[in-house]
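Structure record follows, encoded as structure tokens.
The values are calculated or read from the model by the stated rules, or taken from the named source; none is laboratory data. This is a predicted model, so every value here is computed, not measured. Cβ coordinates were reconstructed from backbone atoms using ideal geometry, including for glycine residues, and neighbour counts include every protein chain displayed.
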């Protein structure tokens, strides 16, 4: 289904998944997390041009769901971000397995 979703939805999904995974290992600060990548690097990951990546980030910012500054993403509206992403955290197996 990833190929059929919009790029805004893809980025929203990435932010949801990163937040949930980082929360499990206690690397979030409230609704914020550190994201030490540039917009250009993120564009490469999502297969976008830097210009399109900027538009996608602007769409999420303008819809009031995230703020992103100084390598910190803050989720302003978790419910709405999950809706945009079509995110279901239950697919993530977040139990720790013994080694």
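Just a few scattered comments:
- Count of the range 37-60 residues which are in contact with a strand residue (DSSP E or B) (Cβ under 7 Å, 6 or more places away or on another chain) and more than 15 Å from residue 10 (Cβ to Cβ): 0
- Taken over the range 68-99, residues that are closer than 22 Å to residue 26 by Cα, in a helix (DSSP H, G or I), at pLDDT 95 or above and touching a helix residue (DSSP H, G or I) at 6+ places or on another chain (Cβ under 9 Å) amount to 3.
- Among the residues of the range 31-67, the ones that are at pLDDT below 95 and assigned to a strand (DSSP E or B) come to 0 in all.
- In the range 43-51, the condition of being within 11 Å of the chain's Cα centre (by Cα) and buried (at least 16 other Cβ atoms within 10 Å of the Cβ) is met by no residue.
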